[in-house]
Every structure is written in C-alpha cells, then in structure tokens.
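To start, the structure itself, in structure tokens.
The values are calculated or read from the model by the stated rules, or taken from the named source; none is laboratory data. The structure displayed is predicted, hence computed values, not measured ones. FYI the Cβ positions are ideal-geometry reconstructions off the backbone, even for glycines, and counts take in every protein chain you see.
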Amino acid sequence: MSSSSEHHIPVLERAGDDPDGAARADAASPLIRADAVSRVYGEKHALVDVTLHVARGEICGLIGPNGAGKTTLLRLLTGLLDPSSGTVRILGEKPAEATRRLRQRVGLVPSGDRTFYLRISGLENLAFFARMHGLGRRAAVAEARRALAEVDLVEAQHRAVGEYSHGMQKRLSVARALITRPEILLVDEATHDLDPEGGRVVRNLVADIAARGAAVVWATQKLDELRGFADRVMLLSGGRTMFSGTLPDLIALSSPRRYVLRVRNGGLSGESLAAVADRLLGDLGTLRTLGEGESSNYVLALERDAILGDALAALARGRMDILTCHEERSELEEAFLSFTRSDSVDPQA
C-alpha cells in the first residue's frame, strides 16, 4: 500500500494539473451529462430518451412516482447499468468504464443503506470504506474524521453504529459519500423515512456540498422538500421526462389550486351558496360544496393566475363569512399530479 501522502485526496477545488486550462473547461461544461438515454429490460422500457445535464454547484431534484425510472437513471450515472441507447458522461468519462480516480470523485447516498458494519464504530466504518478507495491507513483515518466532523458525528465516532439512531445512520451515509471529497453527489431518497428535522439536517449538509462546487442529483418523493433547495427539477413518469425546469415553472403549469373553506352566509348553504359564490368570483375560480346535503364546507378551485386574497375578498363583498381556509394540496403536489396522472399531456407536445 502506498503512503498516506500519496493518496490524500484534495478538496473540490481540484480540477486537474492545469488549473488555467482544464479547470476553465470543466467549469464551462456540465459535470453530469446524460443524453437521450434509454434503458430496456426485455419488453419493458424503464427509461425513454431522457436527457439530464447538471452543472458544478447545481442541485437537480429528480421526482416521480414509484416505477418512474429515478433509480434506473441513478444506476446509469453510477455505472451500475449501461444505457440501451444514448450516452452518459460523468466528468467527461463513461461511468461504466470508471477508473478508481473517477469513482473517488463521485459520492452516493443510497436509499435504505444497510452496508455499514453495526458492531464497529462510525470512525472504523468510514476508515474501512476510505481504504477501499485506495487511501493509505493514516489518510483513511484523517478523511474519516473530517467527514464525521462535517456531519456533526464527532462525539459519536467511537460508538458502534448499531447504537446510532436512524437519523445518525443517515448522516453517516452522507459522511461516507464525502470521504473522497466528491465533485458529484447522487442522493437516492435519503430522507424518505426521516422526521422533518432529520430531513432538514441532511438537506443542509447536501446544500453545503453543492455550495462548495459539487453537482448534485437528489431523487425524492417528498415534493415540498425541494422548495428553496433544488435549483431545478426533472419529473419522470413511465420512464419519460414529463418536465424539466425550475420549481416556479412547474408550479405555474399545475392544475387549479384548491382550498377547503368553511363558509357562512345567513340562510344560504349548499348548492345555493355555491351558485352565488360563482357569480362573485367570476373568472377567479369556482366554489363547490364539499359533501352531501346542506353543507357549510366548500372547495374553492382557483384559476392558474388567480390570487387567493382576491377570491376571498370577492366572497367577502357578497357578505359571505369565511370561517376557515386551508389548502387542500400544495401547488407542487398539484403540479406533480397534473403531469403523472394517466390523462396528462404528451411530454413531447
């Protein structure tokens, strides 16, 4: 085994031996390139002509229902699968032909990680995986300690991993991905079984990594966690790209937003009140009774460009007393459903 100094992996600023040439070229092109990739299993098309480019410092959220093709795409990016057609390049190389040096530059946070040795400590686990990347003993321990510090597990570094809480084990998965200071980070459903605070911690860790220059692909089904986190999103359904762009653009294409209102207006209720409300709302939206009979609960469906405050003000002008108002579904969830339900628009249209 070579000495630790020979295997110490520099931080993200590394861009080759020619900082004035290779670094500029690297910064100008996406670190992740998947162009028109398809993957076929027998007669099943898991991916169909999917294109994904992710630049340095960018977080791309990958969303879609079960079976959409998210995990297949991540496997193509890691080199675990070859595309049936199309091309994949990671840092300019084919991931399926990755050298040790390329693998060192790619970090993976898998879903449901069960690859840690529960009877040994967090530090020993990370040092072991660092050695597998080719680091010498001293360098492996040094990088393991640094990664543990980044995820705030220093105090628990000598405890057996089997004694870690679920959230701590998730952070340890992130730490393992950071051992080699990767320039690409692939995250697969890292927060699906974490509480909100645990999910926030992991997202903040990943956001910090992106801020230092890594290209990140974050696969998730927790749609609202992408707000204020992902720079842009790709929505897959049935192996096809249904949308690629920013979150505001996705929300703008959603079906009408819906709010559940409890309304009181003298003797009016049920369909009679809804008919009066529709005249007041005009082109802002519609009000429909929720449930059977003479109900005081209604669903307000706003048109795409309508503002909730304007709609409530219109109802108030008709002396309708709005007792409560809450969103039936988030705008992002509405957008997600509008693209993934069976009658959604043709993605190629």
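Values for this structure:
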{"item": "Filtered residues of the stretch 87-125 (kept if of a type in the set (A, V, I, L, M) and touching a strand residue (DSSP E or B) at 6+ places or on another chain (Cβ under 9 Å))", "result": "88, 90, 91, 96, 98, 102, 106, 108, 109, 118, 120"}
{"item": "Among residues of the stretch 1-47, those that are of a type outside the set (Lys, Arg), modelled with pLDDT under 50 and in a loop (DSSP other than H, G, I, E, B), counted", "result": "16"}
{"item": "In the stretch 89-132, the residues that are under 27 Å from residue 48 (Cβ atoms) and either surrounded by fewer than 16 Cβ atoms within 10 Å (Cβ to Cβ) or modelled with pLDDT of 95 or more (or both)", "result": "92, 93, 94, 96, 97, 112"}
{"item": "Any hit, the stretch 254-262, residues being more than 17 Å from residue 325 (Cα to Cα), at pLDDT 80 or above and within 35 Å of the chain's Cα centre (by Cα)", "result": "no"}
{"item": "Single match in 233, 260, 201 (criterion: assigned by TED's automatic domain parsing to the domain that holds residue 174, touching a strand residue (DSSP E or B) at 6+ places or on another chain (Cβ under 6 Å) and not charged (D, E, K, R))", "result": "233"}
{"item": "Test: residue in the stretch 304-320 that is assigned to a helix (DSSP H, G or I), modelled with pLDDT under 80 and within 15 Å of residue 258 (Cβ to Cβ)", "result": "no"}
{"item": "Residues (touching a residue at least 60 places away in the same chain (Cβ under 8 Å) and either crowded, with 21+ Cβ neighbours inside 10 Å or not in a loop (DSSP other than H, G, I, E, B) (or both)) located in the stretch 133-169", "result": "135, 137, 138, 139, 140, 142, 143"}
{"item": "Test: residue 153 is within 23 Å of residue 37 (Cβ to Cβ) and assigned by TED's automatic domain parsing to the domain that holds residue 208", "result": "no"}
{"item": "Residue that is nearest to residue 40 (Cα to Cα), among those in the stretch 208-230 that are modelled with pLDDT of 90 or more and out of contact with any strand residue (DSSP E or B) (no Cβ under 7 Å at 6 or more places or on another chain)", "result": "213"}
{"item": "So residue 190, is it over 15 Å from the mean Cα position of the chain (by Cα), buried (at least 21 other Cβ atoms within 10 Å of the Cβ) and either among the aliphatic types (A, V, I, L, M) or part of a helix (DSSP H, G or I) (or both)", "result": "no"}
{"item": "Failed condition for residue 215, given (1) over 23 Å from residue 90 (Cβ atoms); (2) small (Gly, Ala, Ser); (3) in contact with a Pro (Cβ under 8 Å, 6 or more places away or on another chain)", "result": "(1)"}
{"item": "In the stretch 113-132, residue nearest to residue 165 (Cα to Cα) [restricted to those that are assigned to a loop (DSSP other than H, G, I, E, B) and in contact (Cβ under 8 Å) with a residue 12 or more places away in the chain]", "result": "118"}
{"item": "Residues being part of a strand (DSSP E or B), closer than 21 Å to residue 192 by Cα and either within 13 Å of the chain's Cα centre (by Cα) or among the hydrophobic types (A, V, I, L, M, F, W, C) (or both) - total across the stretch 216-246", "result": "10"}
{"item": "Criterion (assigned by TED's automatic domain parsing to the domain that holds residue 181 and in contact with a His (Cβ under 9 Å, 6 or more places away or on another chain)) met by exactly one of 103, 56", "result": "103"}
{"item": "Filter result for residue 179 (among the β-branched types (Val, Ile, Thr) and within 22 Å of residue 30 (Cβ to Cβ))", "result": "no"}
